[in-house]
Amino acid sequence: MSKASTLRAALLSTALVAGFAGAAAAQSKTLYIGMNGGTMEKTYTEHVFPAFEKATGAKVVVVPGTSSDILAKLQAQKDNPQMHVVFLDDGLMYRAMGMGLCQKTAASPVLDEVYPTSRLKGDMAVGVNMGMTGLAYNTKMYQEKGWAAPTSWMDLADPKVKGKVVVQSAASSSFGLHAFLMFNRIQGGTEANVEPGFKAWRGTIGQNVLEYIPSSAKISEMVQTGEAAMFPLTPTAVGALKEKGIPVEYAQPKEGSAVLMVAECVVANNSEPDLSQKLAAFLLGAEAQAKALEFGSQIPSNTTVKPTAETAKLIETFQGYMKNAVLVDWDVINEKRPEWNQRWNKEIER
């Protein structure tokens, strides 16, 4: 072989090695995303992330937990973030943004496709799926007793369900907080004035509450054992329980439900900012959200998603619920919530 041929072969070999090394490096990158476990984790891991992983060569790993769990991890890791993207309930997302834990979502075409109301604080976070907190009830119990389905938040105070109402703690759960705030509004209050709610709760709904639970994790068990008749929950969570054979149904209160959005943000100062932005944009896209809708009943924030024949009814029903859904004021809530939590623990759950 001539010297020129030897040199060309050496250069080609070096280029191939470099190419393989580059591909291996891309494939070895792992993005960690904080989100709820259970149905959401299963849906995204099995049906949504694979397309992103195939396109980028990266691996997406879920860090499961409630929104409160994920926010606590974000705070603890602020100086050395271990997660790249997080999903949080909208209220806790406002707190995360306020603490400087999120970086602005990069401009992309998908931002023009989502509901304008899902773009939070100048795109520091963006709603990835939509929902609302209303009422859920034990259909087996209601049928056996011949009760009509609930229609109002005040049905939580109906004497017939005394000792069979379960409420998630307003100090730790958006579901419980929403229930309290909607009750407060019925009593004449607002987010800026919760005195009516605190004054009236214990003598009305509070008399019927069997247990204040920290999250919705126990709901499934409590329905099956006949302990729980009614409780605050979202249509999506109700759908997940029904898929497991739990006898529950969602009821939209006549006073309205409270909008509950799950938002995503790219974690500030994370180790893979560009790849994290790509994942965030992918999850806002119609392809990803259509899969989340089809396999996890996640209501899309992307307005261009085309539902399948099976999911079209779900979208239609959701749009009906949205007609009287209420947006709560998270800026006021987060300012006052530490004080409310103390009062809730002292006056309501004691």
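We did not get these values from a lab; they are worked out from the coordinates using the rules stated. For clarity, every value in this text was computed on a predicted model and none was experimentally measured. Backbone-built Cβ (ideal geometry, glycine too); neighbour counts: all protein chains shown.
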Q) From the backbone phi of the range 111-121, what are the Karplus-calculated ³J(HN,Hα) couplings (6.51 cos²θ - 1.76 cosθ + 1.60, θ = phi - 60°) in whole Hz, Gly and Pro given as x? A) 5, 7, 9, 8, 4, x, 5, 8, 8, 9, 6
Q: Compute the separation of the alpha-carbon centres of the range 64-96 and the range 233-290 and state it in Å as a whole number.
A: 15 Å
Q | Percentage relative contact order, the range 82-225, counting C-alpha pairs under 8 Å, at least six apart | A | 20 percent
Q | Helical contribution to [θ] at 222 nm, DSSP H n ≥ 4, -39,500 (n - 2.57), averaged over the chain, rounded to 500 | A | -13000 deg cm²/dmol
Q: Using label points projected 7 Å from each Cα along Cα→Cβ, tell me how many nm separate Lys54 and Lys254, to one decimal.
A: 5.1 nm
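Test of the criteria: in the range 210-263, which GluC sites (Glu not before Pro) are in a DSSP loop and have at most 10 other Cβ atoms within 10 angstrom of their Cβ? Working shown, then result.
Numbers: sites: Glu211, Glu221, Glu227, Glu243, Glu249, Glu255; in loops: Glu227, Glu255.
Sparse-neighbourhood loop GluC sites (Glu not before Pro): none present.
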Q. Where is the GNM fluctuation largest for the chain (alpha-carbon springs, 10 angstrom cutoff): Ala217, Ala157, Ala251?
A. Ala217
**Q.** Amide H contacts under 5 Å for Ala268, placed H, 5+ residues apart
**A.** Cys102, Gln103
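Under 8 Å for C-alpha pairs, at least 6 residues apart: give me the relative contact order for the chain, rounded to a whole percent. Don't skip to the end; give the middle numbers.
Numbers: 593 pairs, mean separation 84.5, N = 350.
That works out to 24 percent.
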Q. When DSSP assigns beta bridges and you keep just the ones with both residues in the chain, what percent turn out antiparallel, to the nearest 5?
A. 65 percent
Q: Would you work out the charge dipole size for the range 59-128 about its Cα centre, treating the Cβ of every Lys and Arg as +1 and the Cβ of every Asp and Glu as -1, and quote it to the nearest 20 debye?
A: 200 debye
Q) By a straight-distance test (C-alpha under 15 Å), which aspartates and glutamates pair with Lys254 as possible cross-link partners, with residues fewer than eight away in the same chain excluded? A) Asp155
Q: First select every other residue whose beta carbon is under 13 angstrom from the beta carbon of Lys199; then total the charges, Lys and Arg +1, Asp and Glu -1.
A: 0
**Q.** the range 17-139, Rg to Rh (Cα coordinates; Rh as Kirkwood inverse mean 1/r)
**A.** 1.01
Q) What lysines could a cross-link reach from Lys42, if we take a straight Cα to Cα line under 25 Å and drop same-chain neighbours fewer than 8 places away? A) Lys29, Lys54, Lys59, Lys73, Lys218, Lys242, Lys244, Lys278, Lys291, Lys306, Lys313
Q) Using a Gaussian network for the chain with springs between C-alpha atoms less than 10 Å apart, which of these wobbles most: Gly197, Gly131, Gly34? A) Gly197
Q: State whether the range 82-190 is rounded, prolate or oblate according to the following rule on the C-alpha gyration tensor (a ≥ b ≥ c being the square roots of its eigenvalues): a/c under 1.5 gives rounded; otherwise a/b larger than b/c gives prolate, and the remaining case gives oblate.
A: prolate
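Kindly state, as a whole number, the per residue volume in cubic angstrom of the convex hull around the alpha carbon atoms of the range 218-278. Display every interim value, and only then the final one.
Working: hull volume 9.0 nm³, N = 61.
Convex hull of Cα atoms, per residue: 147 Å³.
Looking at the range 30-84, which GluC sites (Glu not before Pro) are DSSP coil and have at most 16 other C-beta atoms within 10 Å of their C-beta? The partial results should precede the final answer.
Numbers: sites: Glu41, Glu46, Glu53; in loops: none.
Filter output for the range 30-84: empty list.
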Q: Mind pulling the per residue volume of the convex hull built on the Cα atoms of the range 153-211? Å³ is fine.
A: 68 Å³
Q: Mind listing the long-range amide H neighbours of Val63? Cut-off is under 5 Å, sequence gap 5 or more, other chains count too, H placed in the peptide plane at 1.01 Å from N.
A: Ile33, Gly34, Met35
